[in-house]
Amino acid sequence: MPRSEEAEWWANAVYEAIQEVPPGKVTSYGHIARLLGEPQRPRQVGVCLKVLASPESGSHFNSNTVPWQRIINSKGMISHRSGPGSAERQAEALAQEGVEVTTDSMGEMYVDFSRYGWFPSQLPSEGTDEQP
DNA sequence: TCTATGACCACAG
DNA sequence: CCTGTGGCCATAG
């Protein structure tokens, strides 16, 4: 069984799981991995989002049909990545659907899990991460 | 093939 | 409350 088929199965599962996150709520990479029965692979969830197709690509799963902005890290923080400003775009997308994003003195952006977290049938094991 | 890297996470000190 | 460590595994070069 080729690795590429495995990878495709995984990516599809990730995108479908993310589509279950309701508007105005957020969850973590690790929680998506746990929902799929692969608690050891939160990193691969991030990879799937990184390679998420653009809307023009015509793919069934793209950045319009998958609410990528609702996935943040286990500390409630919007993770930064290579592209400058990408974290800011995520914060803006969240604010647009009513999620309050706070910025600390270091410029890191946080979401309050106790108000906006979505963790069905389990807690994020940290549960209450608040901003100072 | 092998190495390096990374939208992560839990656990030790 | 820090920083470090080990684990994970698809991608890129």
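Every read-out reported here was derived from the displayed coordinates using simple, explicitly stated rules and does not represent laboratory data. Small disclaimer: the values here were computed from a predicted structure and weren't measured. For neighbour counting, all protein chains shown are included, and Cβ atoms are generated from backbone atoms with ideal geometry for every residue, glycine included.
The label-point distance for A:E20 and A:T103, in a model that sets each label 7 Å from Cα toward Cβ, rounds to 3.4 nm. Annotation: peptides A:68-79, A:93-104, ranked by per-residue average of other Cβ atoms within 10 Å with the highest first, follow the order A:68-79, A:93-104. For the range A:55-102, averaging the sequence separation of C-alpha pairs within contact (under 8 Å, six or more residues apart) and dividing by the residue count gives a relative contact order of 24 percent. If the Kirkwood radius is taken over C-alpha pairs of the range A:49-116, then at 10 °C and 1.306 mPa s the Stokes-Einstein diffusion coefficient equals 123 µm²/s. When only alpha carbons are used to place a centre, the range A:23-43 and the range A:79-116 end up 18 Å from one another.
Amide hydrogen proximity for A:V26: with H placed 1.01 Å from N in the peptide plane, the residues at 5 or more positions away or on another chain lying under 5 Å are A:G117, A:W118.
The relative contact order of chain A comes to 25 percent, based on Cα pairs under 8 Å that sit 6 or more residues apart.
Apply 1/(1 + (r/R0)^6) to the Cβ-Cβ distance of A:S79 and A:E56, taking R0 = 41 Å, and write down the FRET efficiency to the nearest 0.05. E between A:S79 and A:E56, to the nearest 0.05, is 0.95. What would the Debye equation give as log₁₀ I(q)/I(0) for chain A at q = 0.09, 0.11, 0.23 Å⁻¹, counting only Cα atoms as equal point scatterers? Once normalised to I(0) and log-transformed, intensities are -0.25, -0.38, -1.58. Between A:L36, A:V66, A:G24, the Cα set farthest toward the positive side of the dipole of chain A (charges on each charged residue's Cβ, about the Cα centre) is that of A:L36.
Coupling constants for the range A:55-67 follow from the phi torsions by the Karplus curve (6.51 cos²θ - 1.76 cosθ + 1.60, θ = phi - 60°), and in residue order they are x, 5, 5, x, 5, 4, 9, 8, 5, 8, 8, 10, x Hz; glycine and proline get x. Charge dipole (Cα centre; +1 on Lys/Arg Cβ, -1 on Asp/Glu Cβ; no other charges) of chain A amounts to roughly 240 debye.
Working note: 222 nm ellipticity from helices only, DSSP H runs with n ≥ 4, each -39,500 (n - 2.57), summed and divided by the residues of chain A, gives -10500 deg cm²/dmol to the nearest 500. If one takes the longest principal axis of the Cα atoms in chain A, at what angle in degrees, from 0 to 90 and to the nearest 10, does the Cα axis of helix A:3-19 lie? Long axis of A:3-19 versus the principal axis of chain A: about 40 degrees.
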